[in-house]
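A.B. asks: Below: one structure in C-alpha cells.
The values are calculated or read from the model by the stated rules, or taken from the named source; none is laboratory data. Quantities reported herein were computed from a predicted structural model and do not represent experimental measurements. Positions of Cβ are backbone-derived with ideal geometry, glycine not excepted, and every protein chain shown enters the neighbour counts. The area values use the complete protein model at the heavy-atom level, side chains included, leaving out ligands, DNA and RNA. Shrake-Rupley method; radii C 1.70, N 1.55, O 1.52, S 1.80 Å.
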Amino acid sequence: MKLGAFSISLAVKDINASKAFYETLGFSVFAGELDKNYLIMKNETSLVGLFQGMFENNILTFNPGWDQDANTLEKFDDVRKIQKHLKSKGITLEHEADETTTGPASFVVLDPDGNAILIDQHI
C-alpha cells in the first residue's frame, strides 16, 4: 500500500511561537498561510504542519499521490482503494471518503491507542 508523503499535523496554541521554534530547529515555511493559522514547515524530507484552532489533537497525516515535495506521483494508491483495503481487514473508520467519487478525498482512522491518522489525497 502506497500512502504517499508523511507529515505530523500539530495542534498548536500560538502559531507564531511554534513557527519561530521550528525555524530554530532548521525548518522553513514550505506551504500554508499564517493569516489563516496554518503552516507546513519543512526540513529536508521532514514535514511538520502547524495548525492553530483547527483541531484538538495531533494527527499523523499521509498524502496519497504526493512525494515529500508535494509533487504529483506518477503511480499511487487512491485514497478510496486504501480505505477499501482497511475496511476489508475489519478496521473501523472515524470518517470515510465517498467511494463513488474520484479526485481529492480523505478518511480518518484511529490506531489502537486512539491516535488519529488522516489519509488526505489532494489530487
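A.B. asks: From the residues in the stretch 1-42 that are under 20 Å from residue 57 (Cβ atoms) and of a type in the set (Phe, Trp, Tyr), which one is least open to solvent (accessible area, probe 1.4 Å)?
C.D. replies: 22
A.B. asks: Across the stretch 59-73, which residue is farthest from residue 43 (Cα to Cα) among those that are assigned to a strand (DSSP E or B) and open to solvent by 60 Å² or more (accessible area, probe 1.4 Å)?
C.D. replies: 72
A.B. asks: So which of 35, 14, 113 ends up being at pLDDT below 95 and more than 23 Å from residue 123 (Cα to Cα)?
C.D. replies: The match here is 113.
A.B. asks: Among the candidates 79, 108, single out the residue that is under 26 Å from residue 13 (Cβ atoms) and of a type in the set (Val, Ile, Thr).
C.D. replies: 108
A.B. asks: In addition: Quick check on my filter: what residues within the stretch 1-29 are without any contact (Cβ under 8 Å) to a residue 40 or more places away in the chain and closer than 23 Å to residue 72 by Cβ?
C.D. replies: 28, 29
A.B. asks: Taking residue 88 as the residue in question, decide whether it is touching a Gly at 6+ places or on another chain (Cβ under 8 Å) and closer than 21 Å to residue 111 by Cα.
C.D. replies: When the stated conditions are applied, residue 88 does not pass them.
A.B. asks: Got a number for residues in the stretch 43-58 being among the aliphatic types (A, V, I, L, M), buried (at least 19 other Cβ atoms within 10 Å of the Cβ) and under 17 Å from residue 106 (Cβ atoms)?
C.D. replies: Summing the residues that are among the aliphatic types (A, V, I, L, M), buried (at least 19 other Cβ atoms within 10 Å of the Cβ) and under 17 Å from residue 106 (Cβ atoms) in the stretch 43-58 gives 1.
A.B. asks: Separate question: State whether one or more residues within the stretch 84-101 are open to solvent by less than 30 Å² (accessible area, probe 1.4 Å), modelled with pLDDT of 95 or more, of a type in the set (Lys, Arg) and not in a loop (DSSP other than H, G, I, E, B).
C.D. replies: Taking every residue of the stretch 84-101 in turn, none turns out to be open to solvent by less than 30 Å² (accessible area, probe 1.4 Å), modelled with pLDDT of 95 or more, of a type in the set (Lys, Arg) and not in a loop (DSSP other than H, G, I, E, B).
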